[in-house]
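The values are calculated or read from the model by the stated rules, or taken from the named source; none is laboratory data. Please read all numbers here as calculations on a predicted model, not as lab measurements. Positions of Cβ are backbone-derived with ideal geometry, glycine not excepted, and every protein chain shown enters the neighbour counts. Ligands, DNA and RNA are excluded from the accessible area calculation, which covers all protein heavy atoms including side chains. Shrake-Rupley method; radii C 1.70, N 1.55, O 1.52, S 1.80 Å.
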Amino acid sequence: MNRISLALQGGGAHGAFTWGVLDVLLEEGGFDISAVSGTSAGALNAACLVTGLAQGGPDGARTRLHDLWRLVSEQSPLGAVEHSLPFLPMPRHMVHSMLERLRAMGQMISPYDTAMPAENPLRAVLERLIDFDLLQSRAVVPTFVSATRVDDGSARVFTGAELTLDALLASACLPNLFRAVTIDGVDYWDGGYMGNPTLTPLFAQDLADDILIVQVTPFHRAQTPRSVDDIVSRVTEITFNSSLMRDLRTLAEIQKLLNGGGGHANPQLSRIARLRVHMIAASPQDAAPSGVAKLDTRWSELTALAESGRQAARDWLQRHRGDLAHRSTAPNMLEPFTST
């Protein structure tokens, strides 16, 4: 049994890639999940994973994750159209062109405008799927959800009794789409700005020594973007990956110093020194460079992303399952990043 902690990145509709990865891990078995850290779509996946496991084991978690993305699709206008008119073809390029025009219009309208809906559509999805009393209890795997404070730009990590419906909505609150979520008098936006996902809660002494990151947004793009949409999308990718790169580089620097100095009397330092990091990442092809792709919630697109996640998980397990409990397999962030 491989004991691991999971770190699940956010990425809008591309969180369906993570659904596929988790589906394979649950189907394969042999994993003892000690904790989960999730941000934005990763937070929604995390909540469904841990409550599904608590209520129905691996099969229950697989069903809960499937239902999450099915409901996300059905609650969205695009998904509803595809579901009600399956005979009407919706080519990807046409859908994304329409989404781009809508996004451009949306940038001129605040979510606080009276013409915009005040309710976040994810609220109904999460109310239907998640037993929040269970999520807040000790019966589930320890879960950590990140959101960004609007007032000072710092990250807040919600866990235990703090894992309310509003905490999940805050973690997935993109400021150009949704109104800020207020918790205890503080307004929050998407957690991806400051922790996507945050790794430090997974450094605790009683958790697994192996951390598996599921990355939705690629670090590397071979081509420099030229169009306005692609430039904005790449800037967003860099922004939402910056905290993860920072955490990985900091961990690598600390481990380099610790492992060069022999044994460690401090248990926490010994713990950090032996952490091993792994990553299952969406390919640049799966994570389309167009930012509007993350708004495409058609069931056909979500299931295609999930299948990509399943294949990526199978490939990773074939190459690296034997490395668990022995060595890190994630990219070395102290060296120039190269894509293969």
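What the table below lists for this structure:
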quantity	calculated
Computed magnitude of the charge dipole of the chain (debye, nearest 20; Cβ of K, R +1, Cβ of D, E -1)	740 debye
Shape call, the range 1-81: gyration tensor on alpha carbons, a/c limit 1.5	prolate
Positive-end extreme of charge dipole, the chain - chosen from Ala118, Met279, Ala54 (charges on Cβ)	Met279
For Phe144, distant residues with modelled amide H under 5 Å away	Val36, Ser37, Gly38
Contour excess over end-to-end distance, with Cα ends at Ser270 and Asn2 and 0.36 nm allotted per residue	94.5 nm
Accessible-area composition of the chain, carbon plus sulfur, in percent [1.4 Å probe]	56 percent
Structure-derived Rg and Dmax of the Cα atoms in Å: which label, when the choices are (i) 30.4, 121; (ii) 19.5, 67; (iii) 19.6, 59	(ii)
Environment charge of Gly191, counting only residues whose C-beta is closer than 12 Å and scoring Lys/Arg +1, Asp/Glu -1	+1
Rough spin-label spacing in nm, given labels placed 7 Å along Cα→Cβ, for Ser300 and Thr239	3.1 nm
Under-5 Å amide H pairs with Ile4, H placed in peptide plane, nonlocal only	Asp32, Ile33, Ser34
Phi to ³J(HN,Hα) by Karplus 6.51 cos²θ - 1.76 cosθ + 1.60 over the range 158-169, Hz, x for Gly, Pro	8, 8, x, 5, 7, 7, 8, 4, 5, 5, 5, 5
Zone residues, the range 173-199, relative to Asp113, backbone N less than 15 Å from point 7 Å out along Cα-to-Cβ	176-179
From phi via Karplus (6.51, -1.76, 1.60), per-residue ³J(HN,Hα) for the range 201-206 in Hz, x at Gly/Pro	x, 7, 8, 4, 4, 8
Overall form of the range 151-229 per C-alpha gyration tensor (a/c, 1.5; a/b vs b/c)	oblate
Projected label distance in nm at Thr159 and Asp32, using a 7 Å step from Cα toward the beta-carbon	1.9 nm
Where the range 149-206 is the region considered: accessible area per residue in Å², 1.4 Å probe	40 Å²
Global geometry of the range 267-336, whether rounded, prolate or oblate, following the gyration tensor of its Cα atoms and the 1.5 cut on a/c	prolate
